[in-house]
Amino acid sequence: MNKLFKVCGLLGALLLTASVYASDIQVLGASSRATAPGQDSAMVDLTIVSAKAAQLVGFSSPACKTAEMHSMSHENGMMTMRQVKVIDLPAGRRVTLGESGFHLMLMGLKSSLKAGERVPLTLNVKVGDKDFKIDASAEITPLVGGAHEHMHH
């Protein structure tokens, strides 16, 4: 019986360590714009702060069929977007995706995004050799001016 308590205590300590470690990653200000009728994709912007050097290696959402991370840049006077596999998260620095040239894409939306609702997100973050899933949600803001800022693919 004493051995069982030691094993349970060790497992509890390991789980507590993992949850504290995962809590060192904060997701702030996640948002997306409401979508127009028939629009099947939406861009998500957010800020991530990680206490230790980390990498955003993917994400998912039950609101869409496909979730991709993209970089944005201007080349020859044109805005270009490319899918990326990793977004670096330097230790202790705020990484705001839009400001750093990145965004998340919800593609193949299962239904329209409506202002005032929230979309669940699960971020896949790698810290060293450990992978963490961070649950977050994006606030849906009103569609301004009748046109979404993101260009369709």
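No value in this document is a laboratory result; all are computed from the given coordinates. Just so it is clear, the structure is predicted and the values come from calculations on it, not from any experiment. Cβ: placed from backbone, ideal geometry, glycine included. Neighbour counts: every protein chain shown.
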Q: Starting at the first residue of region 77-88, write each ³J(HN,Hα) from the Karplus equation 6.51 cos²θ - 1.76 cosθ + 1.60 with θ = phi - 60°, in whole Hz, x for Gly and Pro.
A: x, 10, 6, 10, 10, 9, 6, 10, 9, 9, 10, 6
Q: Output the peptides 91-101, 34-44 sorted from most to least packed, where packing is the average of other Cβ atoms within 10 Å over each peptide's residues.
A: 34-44, 91-101
Q. Using 0.36 nm per residue, how much length does the chain from S137 to R94 gain when fully extended, once their Cα-Cα distance is taken away?
A. 13.7 nm
Q: Work from the charge dipole of region 26-141 (Cβ charges, +1 for Lys and Arg, -1 for Asp and Glu, about the Cα centre) and give the residue of P90, H103, T141 farthest towards its positive end.
A: P90
(Q) Under the rule of at least 5 residues apart or a separate chain, name every residue whose amide H is placed under 5 Å from the amide H of S137. (A) L121
(Q) Please list 3J(HN,Hα) in residue order for region 98-114, calculated via the Karplus relation 6.51 cos²θ - 1.76 cosθ + 1.60 where θ = phi - 60°; whole Hz, with x for glycine and proline. (A) x, 6, 9, x, 10, 7, 9, 10, 9, 10, x, 4, 7, 7, 5, 8, 10
Q: May I ask you to derive the FRET efficiency for D24 and M107 from their Cβ-Cβ distance with R0 = 35 Å, giving the value to the nearest 0.05?
A: 0.70
Q: Would you mind classifying region 26-141 by shape? Square roots of the alpha carbon gyration tensor eigenvalues, ordered a ≥ b ≥ c; an a/c under 1.5 is rounded, otherwise it is prolate if a/b is larger than b/c and oblate if not.
A: oblate
**Q.** Added length on full extension, which subtracts the Cα-Cα distance from 0.36 nm per residue, A51 to S31
**A.** 5.0 nm
